Amino acid sequence: MKKYMKSLLIAALAVVAAMGFTACSDDKYDGDPYFVLEGIGEGNVYSFDYKEVDTTKYDVAKKVVVRSNRPWKLVAQTENGWCRVFPLSGEGDGIIRLSVLENKVPDGRDIVYKVYLDGVEQPLPLTIRQSGSEPYIKPSANSITIGRKGGDTQFSVIANVPYTYEVRPAEDGADVSWLTVTPSAEDPNTVVLSCGLNETGSNRSVMLHIQGTGNYAHLSIDVPVTQLDAIYFENFSWMNHSDTSILGWVTDGETYSRFDKWTEEELSYGWTSQNALVYGRPGFLKLGKTGYGGDLVSPKIAEIKGVMDIAVSMQLVGYSSAGGTVDDGQVYVAVKGPGKITKIIGGDGAETGEIVSGVIYCDDDKNPILLNDVASFVLDPDNHFNKAMDPEGLKIWEYPLTNFTINVDGATSETQIIILGGAFDEQVKTIGKGKNRIFVDNFKVRER
């Protein structure tokens, strides 16, 4: 009997102990469970505009105070790469931070996080929304020029909406069949313009019409396309480093677009440099860097038959910082091989600059030499990139004074043209501001 009573007592104590442990667990949290996000809009919805809220800077992200009396957890209902909530779990009161990447398309987006308290789903989730950006279609250049030989020319369309394109006549009734436009196989934002040899004896033009589709049909641009009758033309459309910018004052990505990093395909076009300080930009080139002058040497022009007097034209634009500080803008143009420079003509049609001798350069073996009969001229202060007046970096290329023509007498198929920014290599440091970066595009040769 004693043994039986002892067993009953032990069992009773065990029950009491178990009840005690259960009571302690229930007493851990006071009152009914709750979860409140302070500073969030009605319905637990927070809205961002399209701009980025930095995901790498903890103190920049949107701070939200959590009020709760239970362990809580937030669970995203869809995969996303644009929104970050941190932390996703906690216990009691705390702080979470919300951050988003820039929404570059015009469509808004949202993501839902279900809320769990002590493992139990709550009726009101957290919803984060982000508005879309303004829809746009922009050209990478305001016009397209193609050489007489034709071939394929790449053209980038800067857009965040779907679009279509077609070739239209520049004038009513004009022929457009000589040009076709197709999408690029490598880049969805690039089209390829293809045409054959221009045997008309004059320039010919069409209009590339680009228009948004669906809800964005109201957006459209027209880009003039001209094929020249010149014997040689280069617009550097093959130079399309996506990591560099069309904005002159932005230098990001230049390390990988420098001449000594050019691909075999880029080198096959025949352009060279003695000091490699030539940088590829989307559709044009930059000569030099801070404290160093860059040089550019054209390929030999096989289209020159026999001995010919030629006019060499090019567009030249000077460097300006984002704040508007311009470089010296000194340019030298010389002849390598047969030929002699006889005249310099500016964009206004008037003679400009002077022909000088004794410009320091180097030969193919890197030995110092002096160049004679060199065209020397200085770019107008307005003939520089200007972020304040031209933030998209396109209008400057329409400025007439960016055009220069150098007359060369006695050129042959062995003739090459040298373009030098300020002075060769580090000599620039000893002259003027010590900075002389030059941008080059639309190099053309025609018979005079």
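The values are calculated or read from the model by the stated rules, or taken from the named source; none is laboratory data. What you are looking at is a predicted structure, and each value in this text was computed from that prediction instead of being measured. Neighbour counts run over all protein chains shown; Cβ positions are idealised from the backbone, glycine included. What goes into the accessible areas is simple: the full protein's heavy atoms, side chains included, and nothing from ligands, DNA or RNA. Shrake-Rupley method; radii C 1.70, N 1.55, O 1.52, S 1.80 Å.
If we scan the stretch 227-234, do we find a residue that is buried (at least 17 other Cβ atoms within 10 Å of the Cβ), touching a residue at least 60 places away in the same chain (Cβ under 8 Å), in a strand (DSSP E or B) and hydroxyl-bearing (Ser, Thr, Tyr)? Among the residues of the stretch 227-234, at least one is buried (at least 17 other Cβ atoms within 10 Å of the Cβ), touching a residue at least 60 places away in the same chain (Cβ under 8 Å), in a strand (DSSP E or B) and hydroxyl-bearing (Ser, Thr, Tyr), which makes the answer yes.
The rows are residues; the columns are (1) at pLDDT below 95; (2) on the phi < 0 side of the Ramachandran plot; (3) loosely packed, with under 15 Cβ neighbours inside 10 Å.
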site: Asn240; (1), (2), (3): yes, yes, no
site: Lys261; (1), (2), (3): yes, yes, yes
site: Val307; (1), (2), (3): no, yes, yes
site: Val317; (1), (2), (3): no, yes, no
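Close contacts from the stretch 93-107, counting a first residue that is closer than 20 Å to Ile40 by Cβ and at pLDDT 90 or above and a second that is small (Gly, Ala, Ser) and open to solvent by less than 40 Å² (accessible area, probe 1.4 Å), with Cβ to Cβ under 7 Å and a gap of 6+ residues or different chains, come to Asp93/Ser68; Arg97/Ala61; Leu98/Ala61; Ser99/Ala61; Asn103/Gly132; Asn103/Ser133.
Where residues in the stretch 79-122 are open to solvent by less than 80 Å² (accessible area, probe 1.4 Å) and β-branched (Val, Ile, Thr), which of them is nearest to Ala159 (Cα to Cα)? Don't jump to the end; show me each part of the working.
Going through the stretch 79-122, the residues open to solvent by less than 80 Å² (accessible area, probe 1.4 Å) turn out to be 80-83, 85, 87-90, 92, 94-101, 103, 105-106, 108-109, 111-117, 119, 122.
Those left that are additionally β-branched (Val, Ile, Thr): 85, 95-96, 100, 105, 111-112, 115.
Working: Val85: 30, Ile95: 38, Ile96: 35, Val100: 21, Val105: 9, Ile111: 25, Val112: 29, Val115: 38 Å.
Top of the filtered list is Val105.
Listed conditions (1) on the phi > 0 side of the Ramachandran plot; (2) part of a strand (DSSP E or B) are all met by Leu208, apart from (1). Scan the stretch 263-301 for residues that are open to solvent by 60 Å² or more (accessible area, probe 1.4 Å) and charged (D, E, K, R) and the total you get is 4.
Suppose we filter Gly324, Gly339 for residues that are at positive phi, crowded, with 17+ Cβ neighbours inside 10 Å, touching a residue at least 24 places away in the same chain (Cβ under 8 Å) and not basic (Lys, Arg); which single one remains? Give the steps one after another, and end with the answer.
Details: Gly324 fails: crowded, with 17+ Cβ neighbours inside 10 Å.
After applying the criteria, what remains is Gly339.
Just checking, does the stretch 346-365 include any residue being part of a loop (DSSP other than H, G, I, E, B) and touching a Lys or Arg at 6+ places or on another chain (Cβ under 9 Å)?
No; the residues of the stretch 346-365 include none that is part of a loop (DSSP other than H, G, I, E, B) and touching a Lys or Arg at 6+ places or on another chain (Cβ under 9 Å).
Filtering the stretch 182-205 to residues that are open to solvent by 60 Å² or more (accessible area, probe 1.4 Å) and assigned to a strand (DSSP E or B) leaves Thr182, Pro183. Just one of the listed residues (Asn407, Asn386) is touching a residue at least 40 places away in the same chain (Cβ under 8 Å), over 26 Å from Asn275 (Cβ atoms) and part of a strand (DSSP E or B), namely Asn407. All of (1) open to solvent by 10 Å² or more (accessible area, probe 1.4 Å); (2) assigned to a strand (DSSP E or B); (3) closer than 17 Å to Ser273 by Cβ; (4) in contact (Cβ under 8 Å) with a residue 24 or more places away in the chain hold for Ala334 with one exception: (1). Every listed requirement among (1) over 27 Å from the mean Cα position of the chain (by Cα); (2) touching a residue at least 60 places away in the same chain (Cβ under 8 Å); (3) closer than 27 Å to Arg281 by Cβ is met by Pro135 save one, (1). Summed over the stretch 64-87, residues that are assigned to a loop (DSSP other than H, G, I, E, B) and over 19 Å from Asp54 (Cβ atoms) total 5.
Provide a single number: the residues in the stretch 142-158 that are part of a loop (DSSP other than H, G, I, E, B) and in contact with a Pro (Cβ under 9 Å, 6 or more places away or on another chain).
Total satisfying the criteria: 2.
Val112 satisfies every condition listed in (1) over 17 Å from Phe48 (Cβ atoms); (2) modelled with pLDDT of 95 or more except (1). For the stretch 41-85, the set of residues classified as more than 14 Å from Gln130 (Cβ to Cβ) and free of Cβ contacts under 8 Å to residues at least 12 places away in the same chain consists of Glu42, Thr56, Lys57, Asp59, Glu79, listed by residue number.
Okay, residues lined up against (1) over 24 Å from Ile231 (Cα atoms); (2) in a loop (DSSP other than H, G, I, E, B):
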{"residue": "Glu266", "(1), (2)": "no, no"}
{"residue": "Tyr269", "(1), (2)": "no, yes"}
{"residue": "Gln274", "(1), (2)": "yes, yes"}
{"residue": "Tyr279", "(1), (2)": "yes, no"}
{"residue": "Lys300", "(1), (2)": "no, yes"}
{"residue": "Glu303", "(1), (2)": "no, yes"}
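Residue by residue, here is whether (1) more than 30 Å from Leu37 (Cα to Cα); (2) surrounded by fewer than 14 Cβ atoms within 10 Å (Cβ to Cβ); (3) at pLDDT below 95; (4) in contact with a strand residue (DSSP E or B) (Cβ under 6 Å, 6 or more places away or on another chain) holds:
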residue: Gly147; (1), (2), (3), (4): yes, no, yes, yes
residue: Tyr163; (1), (2), (3), (4): yes, no, no, yes
residue: Asp172; (1), (2), (3), (4): yes, yes, yes, no
residue: Thr180; (1), (2), (3), (4): yes, yes, no, yes
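Kindly indicate whether any position in the stretch 372-382 is free of Cβ contacts under 8 Å to residues at least 40 places away in the same chain and touching a strand residue (DSSP E or B) at 6+ places or on another chain (Cβ under 7 Å). Yes, that holds for at least one residue.
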